[in-house]
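**Student:** Here it is, the structure in full.
The values are calculated or read from the model by the stated rules, or taken from the named source; none is laboratory data. The model shown is predicted, which means the values in this text are computed figures rather than measured ones. No Cβ is skipped: glycine too gets one built from the backbone with ideal geometry, and neighbour counts run over all protein chains shown.
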Amino acid sequence: MTRYELVCVHSDPEQLLLLQSSLAVLGSHFNLRLYRDHHHWQQAELSPSAIALIVAELTSSTLTLLSQHAQQHPETPILVLTPSELSLLPCLINQARVDLVLEGNISDTQLHQINQLLCHFLRQRQGLTQELQTLLGGTSPPSLNPSQQTQFLDYGLYSDTELSALVINTLYRVFKENDEQHVCRNYSKNHLLTREGEHNNALWFIAKGEVQLKKSTPNSGEQEVTVMRSGSMVGGMSFITGEPAFTTSITLTETEVIKLEKNQFATLMKSNSELLGPFTHLLLRNFNRRLQGSIITKLKLQSTLQSLDAAHAQLVETEKMAVLGQLVAGIAHELNNPVAAILRGTDTLKTKVPFLLDQDLDIKTRQLGATTLNHAMKITPLSTALIRQRTKAAIPLFGNNALARKAVQMELDSPEKFHQHFAKSNPSEMGQSIKMLDNYYLVGNFLRSIDVCAKRIADLVKGLKHYAGQDVEQAVFADIHEGIEETLVIFENKLKAYEVIKTYQSIPLVQCHPIELQQIWTNLIANAIDATQGVGSIQISTSSLVRDQRDYICVSVEDNGPGIAKSKQAAIFELNYTTKREGNFGLGIGLTVCQQIIKRHHGEITVSSCTDEENHFTRFDVYLPVINPIIKQRARAENLQESQ
Amino acid sequence: MNKYIILCVDDEREVLDSVLADLDGLSELFDLEAAQSVDEARDFLTESQQNQQTLALILCDHLMPGTKGVDFLIELQQQGEYKAAKKVLLTGQAGLEDTVEALNRGGLDFYIAKPWQGDELFAHTQELLTDYILDNEKDLMRYARLLDAEKIFSAIHARRQSISND
Amino acid sequence: MKLKQWFPMLICFAIPLAVLALPSHVLPLPDLTLVQHRIIAIFLLAALLWVFEPVPVFATSLLIITLEVVMLSDQGLAIFVTQPPEVNLGQLLPYQDIFASFASPIIILFMGGFALAIAASKYDLDMNLARVLLKPFGHQVKYVMLGLMLITAVFSMFMSNTATTVMMLAILGPIIACAPENDLGSKGLVLAIPIAANTGGIATPIGTPPNAIALQYLPEGAVSFAQWMMVGLPFVCVQLALAWFLLGYLYPSKNKNMELKLAGKFLHSPKAWVVYVTFAMTILMWLTTQLHGMNAYVVAIIPLAVFTLTGVITKQDLKLINWDVLWLVAGGIAMGMALDKSGLAVKLAQSLNFADMGVWLVIISLSLTCYLMANFMSNTATANLLMPIAAAVATTMSSGAAGQSELGIIPVLVIVAFSSSLGMILPVSTPPNALAYSTGFIATNDLLKTGLIIGTSGLIIMYSVMMLLV
């Protein structure tokens, strides 16, 4: 029978080790191949049809290789590790196939999914034996009886669990008849096995239950090292070497163990020589796993340390770019839809217009065509739901769904219109003429939609100009609502998932630097979006009031996010304060800048927030005086500098 | 009324119209349907089920008011009757996390970034539908004209002995 | 909706039941026995079910056999077996004879044919052979069409018409799909395939079931495989030539040239060679009965044995045999057997007084009826219904009134068999038509036009040859 290969490709050795340990369970029945890069894989010259699974890091070179493989052997499951950026993933989906995207260490559910993928693959190859099915089905490992031991002298064929089950079962068998020395024991919870720094004379095999290993830390605390479960061995190192125990071990639950003292162990090995092999193997395996574990931990620590340094250096830089980046990304997204629609529209017009000019049509059709075109150009199209409803009603007249839908779009579906234009023609003529008219409709509709989209882009650009431009030196009277609306245009896409409630009262024009104010609205709305994690409601309200016998206006931005705790409310205006993930809007700089701008406008910003379960919100109120002749003018760049 | 449906979901009417225009060539054998929101799409699917129609392919935007595209794809993937349908994301706004989610749980088959090329969109849709038809339909012959003829005819050829005889 | 579905079924059962309920002396046949009376009802039921097809045709066949063993056999239901007072029950049929229709020689002949087709397609012999044979026809559309037609016809002589059509459409399809829409030339090419497949089946006894059914009613050894081909092959050639000119005239191609993808590779595994050799040997043996003495039926079982022994045909492949076709034919055989053994066939033929009508009128009306029915229902079912009647008529004519017996039973049955294969004017007429129609490249009109011309020409050729011979 073919022995299938599992191929892992990753440039990071630490990842490979992780994969190896995650997939080790399958090692008993598959060849696990680990490659640092795709060259090694190619050099290995595996038979491609014997590859049952590929786990790969996603780079442009593995991408090529994966798509090649998928073309020849589309049934092989392909798994990739979560890539750092999106761009390659769609390529892979489109060129080959992806069955699963994995996290660095494989969770139990994902392991289960992998098993299912393997099952599916083997079934297609008709190579799913009972044995493999049991392994992949996750049911209990095959039972081990003494006769099998002699067959498998090479214990490397056993998986970890199988091997330990073998040893433990054998031990139980040996002591079943003759347990005078009370070797098989049941411990209750919190039973101490070894104590750190003390000598240890016994070796424990855990048959059932959990034992925690702890080590004391320099600052007189204790840190959990690991939890050993059934099938593992406790005290092995100190038992063999005679050194003091490295960790303290204590049972976490009721635990069944086999405890062997030194003399018992010696007698046992002499009397049961068949145990020597598996036991040695188990011991080595145990040490090896721990060694691997500690190497992985060490590597992880090193890279964590490095990335911490880098992260710290980047943080400062990132925070500065974050505002700008967010804005640019938002605008790119905003532009994308209208641009796509315009491009598709012009593309269609490029073929349709010459086609229509080329047609030799009778005058009646041409007139109807022109009417249809004009109609489509002026009228907002029907909603899709309405189109569907009317199409359904029109199918009896027009014969099929496609024609009926076209007629509905052109609003030629009413019985009167039908009799006027199509009653005399036979079904194939009617089909022809509706298809011809549809060309006119498409031209009209695309002209209209290009117009609509271009207007949207123009609005967006108008909003942007304010960001890029410089305020005039003198403060001007500006409409606050207009500024807020322009800001909202820029966030239109992000706000799709929100309920935006605007309660504008009639407020006077405000003497201000409008572009600087726009920065405030941008920051406040961006914060609200971030705080609510992409879904919720945002209320924007304006009002006028009198404070200290001066006219003021107040702009409030309120979100229904989790709220900010009282203790932190003061801190949010401090420089570099942030509650956000990396790459998002920097609240630290954002609110600091806001406060500075508002101060120069002789205004005030306040925050009120509530973190209650039922009623949680955060509201920023910005108060600005209406008459405000002397405002210090500053370029935005300087603001940023100052805030550092 | 055709047996299979192609459903396009996008909240932007202009985008939706362009998609429909690009896929018009398939309307002879597939009912091309459009919905401006996921809610509308859901209602439509329930209705189409009563008419014994089957969803063959869904082309979905991601960022929409209400339910997002990826969440909708996942929802469909978990319902037995739509599991087989080919799922395409047509979007400029799905990030890495969403795409991974769509892949792992939504059974995503294809990803098309906005802005797109009309003929490419058509060709990819054709390819996906060919795969769908090969997996789900017995009467292949009639689909050869609009889809990938070579693939379909070679499948017909491979199945030729089991086609009933007289 | 529900009622609409059940209505045809209800009619199909109600009429025969009504006939069954009538007293025997009411029916316009002298000395009708009870058994014969029941056969008439069953025959009527079968005819109605085959014409309206409320159930699949093979189900009807199975129903015939079931009703026969229950109502007509010596092991039937007690009330049907006991002699009622004052009515003549007539001769009951041995139940073994009825069941034997499942293992009739022509069933074996077809199983042999299916085995050849399954083995050939499993090892891609058919496809590769077709490609090799198509190469000499070059790239001119005209000659490519000729090549397609000839090869389709030849293949359909030995494989089922349906499988041949599928294979040839698979070769042609990808090229046609790329052609500009509404190109008349493509339509012509697509039409050529079902026409050639329907026509090609005429040439051999195993080409299509009606031929084999005709053989069933002929005396043992009256017509050998080779003799059938000597009549069938020239007829097919003339028809094909005609069809070729017709299609070239009605559907001229805009492009003069076209290129089919003809790259293929013959397999060379031992099993593939077993298939090649067996295939060739079987056909050779079919054609040379005089040399070795084995008739076509006996030869047919040899490839089955060879393929199953060598593992060419496995358990899975065995399921690919078209059991529905075999059952359909078996039902027809059982029907014919009952008509014949009960003496009803002769009684019917005599009472209708065919002898007085003139030979020509009888033959022409039989073949026209057959042609018409075959256009609207399954060719095999048509043959199942008409062949026993034709056989009885022919026998009474040749044995009865002396002086009119120049025409034996053979030409009559051959003409009826040919007529049933000429019915191809609608998509539903034959499976090859249905397949070609479902590609969407051709319309019902195209089939109607060409099918009518080719069918008529076939009938005319048959009649004129018959007149010349007499």
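**Student:** Could you count how many residues in region A:1-16 are outside any helix (DSSP H, G or I) and farther than 25 Å from A:Ser47 by Cβ?
**Tutor:** Residues flagged as outside any helix (DSSP H, G or I) and farther than 25 Å from A:Ser47 by Cβ within region A:1-16 amount to 1.
**Student:** Kindly provide the set of residues from region A:17-75 that are of a type in the set (Phe, Trp, Tyr) and part of a helix (DSSP H, G or I), ordered by number.
**Tutor:** Listed by number, the list holds a single entry, A:Trp41.
**Student:** Taking the conditions exactly as written (in contact with a Ser or Thr (Cβ under 7 Å, 6 or more places away or on another chain), in contact (Cβ under 8 Å) with a residue 24 or more places away in the chain and assigned by TED's automatic domain parsing to the domain that holds A:Ile597), does A:Pro514 satisfy them or not?
**Tutor:** no
**Student:** Only one of these conditions is not met by A:Arg405: (1) under 16 Å from A:Tyr441 (Cβ atoms); (2) in contact with a Leu (Cβ under 9 Å, 6 or more places away or on another chain); (3) more than 14 Å from every other protein chain (Cβ to nearest Cβ). Which number is it?
**Tutor:** (3)
**Student:** Hey, another quick one. Just need a number here: residues in region A:363-380 that are touching a Ser or Thr at 6+ places or on another chain (Cβ under 9 Å) and surrounded by 18 or more Cβ atoms within 10 Å (Cβ to Cβ).
**Tutor:** Adding up the residues that qualify gives 1.
**Student:** Moving on to the next point. Does region B:27-36 hold any residues that are facing chain A (nearest Cβ under 9 Å) and either part of a loop (DSSP other than H, G, I, E, B) or more than 18 Å from A:Ala402 (Cα to Cα) (or both), and which are they?
**Tutor:** Correct list: B:Ser27, B:Glu28, B:Gln36.
**Student:** Being farther than 25 Å from C:Ala241 by Cβ, part of a loop (DSSP other than H, G, I, E, B) and outside the structural domain of C:Leu215 (by TED's automatic domain parsing) narrows it down to one of C:Val362, C:Val412, C:Val428, so name that one.
**Tutor:** C:Val428
**Student:** Would you confirm whether or not region C:285-292 contains a residue that is part of a loop (DSSP other than H, G, I, E, B) and over 24 Å from C:Ala390 (Cα atoms)?
**Tutor:** Scanning region C:285-292 turns up at least one residue that is part of a loop (DSSP other than H, G, I, E, B) and over 24 Å from C:Ala390 (Cα atoms).
**Student:** Restricting to region A:96-116, name every residue that is at pLDDT 80 or above, more than 10 Å from every other protein chain (Cβ to nearest Cβ) and over 25 Å from A:Thr297 (Cβ atoms).
**Tutor:** A:His112, A:Asn115, A:Gln116
**Student:** Considering B:Val70, B:Val15, which residue is buried (at least 16 other Cβ atoms within 10 Å of the Cβ), touching a helix residue (DSSP H, G or I) at 6+ places or on another chain (Cβ under 8 Å) and either more than 7 Å from every other protein chain (Cβ to nearest Cβ) or assigned to a loop (DSSP other than H, G, I, E, B) (or both)?
**Tutor:** Going through B:Val70, B:Val15 in turn, the sole match is B:Val70.
**Student:** With (1) at pLDDT below 90; (2) over 30 Å from C:Ala383 (Cβ atoms); (3) out of contact with any Gly (no Cβ under 6 Å at 6 or more places or on another chain) as the list, and C:Val275 as the residue in question, which single condition is left unmet?
**Tutor:** Condition not satisfied by C:Val275: (1).
**Student:** Okay, next question. Restricted to region A:77-114, and to residues that are among the hydroxyl-bearing types (Ser, Thr, Tyr) and part of a loop (DSSP other than H, G, I, E, B), which residue is farthest from A:Asp37 (Cα to Cα)?
**Tutor:** Step by step, filter region A:77-114, then rank; the result is A:Ser107.
**Student:** On to the next question. Given the conditions (1) surrounded by 18 or more Cβ atoms within 10 Å (Cβ to Cβ); (2) more than 14 Å from every other protein chain (Cβ to nearest Cβ); (3) among the aromatic types (Phe, Trp, Tyr), report the number of the one that A:Phe418 does not fulfil.
**Tutor:** Answer for A:Phe418: the failing condition is (1).
**Student:** On to the next question. I'd like to verify a number: residues in region A:603-632 that are in a strand (DSSP E or B), in contact with a strand residue (DSSP E or B) (Cβ under 8 Å, 6 or more places away or on another chain) and not hydrophobic (A, V, I, L, M, F, W, C), how many?
**Tutor:** So the answer is 10.
**Student:** I would also like to ask the following. Would you point out which residue out of C:Val144, C:Val132 is assigned to a helix (DSSP H, G or I), more than 10 Å from chain B (Cβ to nearest Cβ) and surrounded by fewer than 22 Cβ atoms within 10 Å (Cβ to Cβ)?
**Tutor:** None of the other options fit; the residue is C:Val132.
**Student:** Output the residues belonging to region A:154-206 that are of a type in the set (Gly, Ala, Ser) and touching an Asp or Glu at 6+ places or on another chain (Cβ under 9 Å).
**Tutor:** Once the filter is applied, which keeps residues that are of a type in the set (Gly, Ala, Ser) and touching an Asp or Glu at 6+ places or on another chain (Cβ under 9 Å), region A:154-206 yields A:Ser188, A:Ala202.
Per-residue answers, yes or no, for (1) under 22 Å from A:Leu79 (Cα atoms); (2) modelled with pLDDT of 85 or more; (3) more than 8 Å from every other protein chain (Cβ to nearest Cβ):
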{"position": "B:Glu81", "(1), (2), (3)": "no, yes, yes"}
{"position": "B:Leu90", "(1), (2), (3)": "no, yes, yes"}
{"position": "B:Tyr111", "(1), (2), (3)": "yes, yes, no"}
{"position": "B:Gly118", "(1), (2), (3)": "no, yes, no"}
{"position": "B:Ala123", "(1), (2), (3)": "no, yes, yes"}
{"position": "B:Asp148", "(1), (2), (3)": "no, yes, yes"}
{"position": "B:Ala155", "(1), (2), (3)": "no, yes, yes"}
{"position": "B:Ser164", "(1), (2), (3)": "no, no, no"}
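**Student:** Any idea which of (1) under 24 Å from C:Ala434 (Cβ atoms); (2) at pLDDT 85 or above is the one C:Pro234 doesn't satisfy?
**Tutor:** Status for C:Pro234: all satisfied but (1).
**Student:** Kindly state which helices (runs of 4 or more DSSP H) lie completely within region C:158-241 and contain at least 1 residues that are in contact with a His (Cβ under 6 Å, 6 or more places away or on another chain).
**Tutor:** Ranges flagged: C:161-178.
**Student:** Still on this structure: Any idea which of (1) without any contact (Cβ under 8 Å) to a residue 60 or more places away in the chain; (2) in contact with a Ser or Thr (Cβ under 7 Å, 6 or more places away or on another chain); (3) closer than 22 Å to B:Ala123 by Cα; (4) not in a helix (DSSP H, G or I) is the one B:Leu57 doesn't satisfy?
**Tutor:** Tallying (1) without any contact (Cβ under 8 Å) to a residue 60 or more places away in the chain; (2) in contact with a Ser or Thr (Cβ under 7 Å, 6 or more places away or on another chain); (3) closer than 22 Å to B:Ala123 by Cα; (4) not in a helix (DSSP H, G or I), B:Leu57 fails exactly one: (1).
**Student:** Something else now. Does region A:163-182 hold any residues that are among the aliphatic types (A, V, I, L, M) and either buried (at least 20 other Cβ atoms within 10 Å of the Cβ) or not assigned by TED's automatic domain parsing to the domain that holds A:Glu256 (or both), and which are they?
**Tutor:** A:Leu163, A:Ala165, A:Leu166, A:Val167, A:Ile168, A:Leu171
**Student:** Something else: Has region B:51-60 got at least one residue that is within 12 Å of chain A (Cβ to nearest Cβ) and either farther than 20 Å from B:Pro115 by Cβ or in contact with a His (Cβ under 6 Å, 6 or more places away or on another chain) (or both)?
**Tutor:** Taking every residue of region B:51-60 in turn, at least one turns out to be within 12 Å of chain A (Cβ to nearest Cβ) and either farther than 20 Å from B:Pro115 by Cβ or in contact with a His (Cβ under 6 Å, 6 or more places away or on another chain) (or both).
**Student:** Give me the residue from region A:70-90 that is closer than 13 Å to B:Leu103 by Cα and among the hydrophobic types (A, V, I, L, M, F, W, C) and, out of that set, farthest from the chain's Cα centre (by Cα).
**Tutor:** Among those residues, the one meeting the criterion is A:Ile78.
**Student:** Let me ask something else. Please tell me if B:Thr46 is of a type in the set (Ser, Thr, Tyr), more than 11 Å from chain A (Cβ to nearest Cβ) and within 20 Å of A:Asn400 (Cβ to Cβ).
**Tutor:** no
**Student:** Looking at A:Gln68, A:Gln72, A:Gln43, which one is loosely packed, with under 15 Cβ neighbours inside 10 Å, in contact with a helix residue (DSSP H, G or I) (Cβ under 7 Å, 6 or more places away or on another chain) and assigned by TED's automatic domain parsing to the domain that holds A:Leu117?
**Tutor:** A:Gln72
**Student:** So A:Ser220 clears everything in (1) part of a loop (DSSP other than H, G, I, E, B); (2) on the phi < 0 side of the Ramachandran plot; (3) out of contact with any strand residue (DSSP E or B) (no Cβ under 8 Å at 6 or more places or on another chain) except one condition, right? Which one?
**Tutor:** (2) is the only condition that A:Ser220 fails.
**Student:** Moving on. Can you find a residue in region A:370-392 that is part of a helix (DSSP H, G or I), more than 20 Å from B:Arg13 (Cβ to Cβ) and away from chain B (no Cβ under 14 Å)?
**Tutor:** Yes.
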